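The values are calculated or read from the model by the stated rules, or taken from the named source; none is laboratory data. The structure displayed is predicted, hence computed values, not measured ones. Cβ sites come from the backbone with ideal geometry, for glycine too, and all protein chains shown count toward neighbours.
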Amino acid sequence: MKFGISQVVICLMATAAPTVQAFECTKGLKYCGWNLRHLGWDEIELIRALQRQGKRPTVGNIQYSLYECVSRGKIEWNRKCGDFNCGNGGGGKSDFCT
């Protein structure tokens, strides 16, 4: 099977396209890391938010920290709750440390 140059270019563009978040956060709300992962966020986004604040990307920091939505699709690390101490606030409400 032969492929034309345009078919190869289209295939390369499709694989290089940025990924889209499964869920766009609500500005001002805080989300637990485990909840963002459940909602379809890629772990690398949580790791980057931690690293921007000088935090180590350990499993505990990733999963049990609060991240604040600063704009649709963009989060910043807010605080660490402690292992297994980050609770779901429910629809339209911020998650919280328990």
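Just a few scattered comments:
- Listed here are the helices (runs of 4 or more DSSP H) enclosed by region 1-59 that have at least 1 residues being surrounded by 10 or more Cβ atoms within 10 Å (Cβ to Cβ) and at pLDDT 50 or above: 33-38, 43-52.
- Region 60-76 - residue that is in contact with an Asp or Glu (Cβ under 8 Å, 6 or more places away or on another chain) and under 14 Å from C25 (Cβ atoms) and, of those, surrounded by the fewest Cβ atoms within 10 Å (Cβ to Cβ): R72
- Every pair of residues 6+ apart whose Cβ atoms lie under 7 Å, when the first sits in region 28-49 and is under 13 Å from S65 (Cα atoms) and touching a residue at least 24 places away in the same chain (Cβ under 8 Å) while the second is of a type in the set (G, A, S) and assigned to a helix (DSSP H, G or I): L46/G33
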